[in-house]
There are 2 protein chains.
Amino acid sequence: MSNSDAARAASIGLAVSTVIFALRDADGAPRATPPSAGGQGTDAPATVWLPLVRRIREPQCGRWALPGGMVELDESLEGAARRNLAETTELQPTYLEQLYAFGDVNRSPDRRLVSVVYWALVRPDEAAQVTLGENVQWFPADDLPELAFDHNLIVDYALWRLRTKMEYSAIAHAFLGDEFTLAELRGVYEAVLQKPLDPANFRRQMESSGAIEATGGVVTGGRHRPPKLYRYTGDVQLVDAGPLTPRIPA
Amino acid sequence: MSNSDAARAASIGLAVSTVIFALRDADGAPRATPPSAGGQGTDAPATVWLPLVRRIREPQCGRWALPGGMVELDESLEGAARRNLAETTELQPTYLEQLYAFGDVNRSPDRRLVSVVYWALVRPDEAAQVTLGENVQWFPADDLPELAFDHNLIVDYALWRLRTKMEYSAIAHAFLGDEFTLAELRGVYEAVLQKPLDPANFRRQMESSGAIEATGGVVTGGRHRPPKLYRYTGDVQLVDAGPLTPRIPA
DNA sequence: ACAAAAGTGTTCGGGTTACACCCATGG
DNA sequence: CCATGGGTGTAACCCGAACACTTTTGT
């Protein structure tokens, strides 16, 4: 073994991976419009999906895995996550947050590898633009095949974080565009939490939270009474988004 | 530059650091007994402290820093944190959880370094056994000097996590021994949250939570009515302790 | 006019807050 | 017996769940 090999073998590899969440119809259709909160109505209820990439080299060649790659010397961890996302799925996520660092000794059969994992939320229109192919496909987050390495564990943890954080933070708007109706926003909550919500109480909770405000516009062309449009105010902090925003709103 | 040097320089260094929290008297006394919940009584109120080590080599030589070190090839991230804790402070923490991975490009002026940071809670009697010296000292968490690297930011974030988590999880018992009185437990909450709590309501909340149970014993020798002793039941999950315990109690 | 979704009002019950009050012990 | 903290009781209050009801549109 040469000096060069020794030095390489003695270093711990540092990678990033990202769990990308988007809402799609339960049957897998790309869903151009946001989820319109119809639990058992004409619309199929939306569910949480994520894109995976097929590994094309050993180890674990052929298995589906989270998009990711090695961290370069001149990029931050989040920068590496964004670069890999752009390279593999052409996505620029609305929301991106560090999830956890996975570093068990034997998590990769090849060499010692530590992965800093991020999780991301993207809008349905963004998700529809992902270039699918033989090696990039969407999967329902609650029903995954056996993935490479410890990626099943990682996705389960990310999904748990998404669902628990949805209940105390204002991340739901990351699944929507700038303007949205309360029914669309409620549809996001129902899709993620997998339970119906009372429209009346949901409206009051959102209005009293100060997280949203009416834009003044309405959505015409629907079959029924035109709903008001709202936007996210930004007044409410997204708590626990990392060490740079550690403060709870006063 | 030889091949060996190139390989070494091209790798990203992986380190672990730990923010260790303990409760001590506001004046810095090591406090043999747990905090007995006397906000403005005879006892000085307890506050959150942490041990720091003085750097004895460049870069940032002479500055105070979090205990930590490089991750070895054959140890997990948490294993590396525990080993470094034992080596520098001889502490075996009751509670240890991953906090965040810090990896900005310029966070270390020397070489590219990514630090996976853990946070720990230790009991007062353990904390008192830390071998102090010229290069290991306790500091109040809310009033730190300028630390090495980005360690001020890290401690602030850890402190925020401690305080927010105290409000929805059952981590307070990690500051206490196996048996404790309700006044001692309340003292922990008051010290961390920095506000007085109603003894009557605190008692009912703890009893109804199912997190504690009476041992049957009482503390005699006090000046007043002997308080009952309680123990932590373990029925209540410590939520958000990482991907291995991602489930909320039913 | 009717269906269906948008939006409002009201009641009910559990949980938290504030504080009055009794209990037990050492001095 | 009194001061002090341990421990119990209780009424006011807040907030979310449940659901009846009104409004507004397209067909």
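The values are calculated or read from the model by the stated rules, or taken from the named source; none is laboratory data. Here the structure is a predicted model, which means the values were calculated and not measured. Here the Cβ is made from the backbone with ideal geometry for all residues, glycine too, and neighbour counts use every protein chain on show. SASA here: full protein model, heavy atoms, side chains in, ligands and nucleic acids out. Shrake-Rupley method; radii C 1.70, N 1.55, O 1.52, S 1.80 Å.
Can you name the residue in region B:68-95 that is under 20 Å from B:Pro243 (Cα atoms) and touching a Leu at 6+ places or on another chain (Cβ under 8 Å) and, of all such residues, is farthest from the other protein chains (Cβ to nearest Cβ)?
So the residue we want is B:Thr94.
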TODO: Considering each of A:Glu97, A:Glu87 in turn, give the residue that is among the acidic types (Asp, Glu) and in a helix (DSSP H, G or I).
DONE: A:Glu87
Task: Unmet criterion (only one of (1) open to solvent by less than 50 Å² (accessible area, probe 1.4 Å); (2) out of contact with any Gly (no Cβ under 8 Å at 6 or more places or on another chain); (3) in contact (Cβ under 8 Å) with a residue 60 or more places away in the chain) for A:Tyr232 - done: (1)
TODO: Only residues that are among the small types (Gly, Ala, Ser), under 26 Å from B:Leu52 (Cβ atoms) and within 16 Å of DNA strand C (Cβ to nearest atom): list them for region B:170-202, please.
DONE: B:Ala172
Task: Given (1) away from DNA strand D (no atom under 12 Å from the Cβ); (2) of a type outside the set (Lys, Arg); (3) away from every other protein chain (no Cβ under 14 Å), index of the condition A:Leu197 fails - done: (1)
Open item on the list: Just to be sure before I move on: is B:Glu184 out of contact with any Cys (no Cβ under 7 Å at 6 or more places or on another chain), open to solvent by less than 60 Å² (accessible area, probe 1.4 Å), under 22 Å from B:Phe21 (Cα atoms) and among the acidic types (Asp, Glu) in the structure I sent?
Closed with: yes
Task: Selection within region B:96-126 - β-branched (Val, Ile, Thr) and either away from every other protein chain (no Cβ under 14 Å) or open to solvent by less than 10 Å² (accessible area, probe 1.4 Å) (or both) - done: B:Val114, B:Val116, B:Val117, B:Val122
Task: Single residue of region B:169-180 satisfying the filter (under 10 Å from B:Tyr230 (Cβ atoms) and not in a loop (DSSP other than H, G, I, E, B)) that is most open to solvent (accessible area, probe 1.4 Å) - done: B:Glu179
Task: Yes/no for A:Ala46 being open to solvent by less than 20 Å² (accessible area, probe 1.4 Å) and within 16 Å of DNA strand C (Cβ to nearest atom) - done: yes
Task: Number of the exception - A:Met166 against (1) surrounded by fewer than 19 Cβ atoms within 10 Å (Cβ to Cβ); (2) away from DNA strand D (no atom under 15 Å from the Cβ); (3) within 29 Å of A:Trp64 (Cα to Cα) - done: (2)
- [ ] Please verify whether region A:194-212 includes one or more residues that are touching an Asp or Glu at 6+ places or on another chain (Cβ under 6 Å) and open to solvent by less than 70 Å² (accessible area, probe 1.4 Å).
- [x] yes
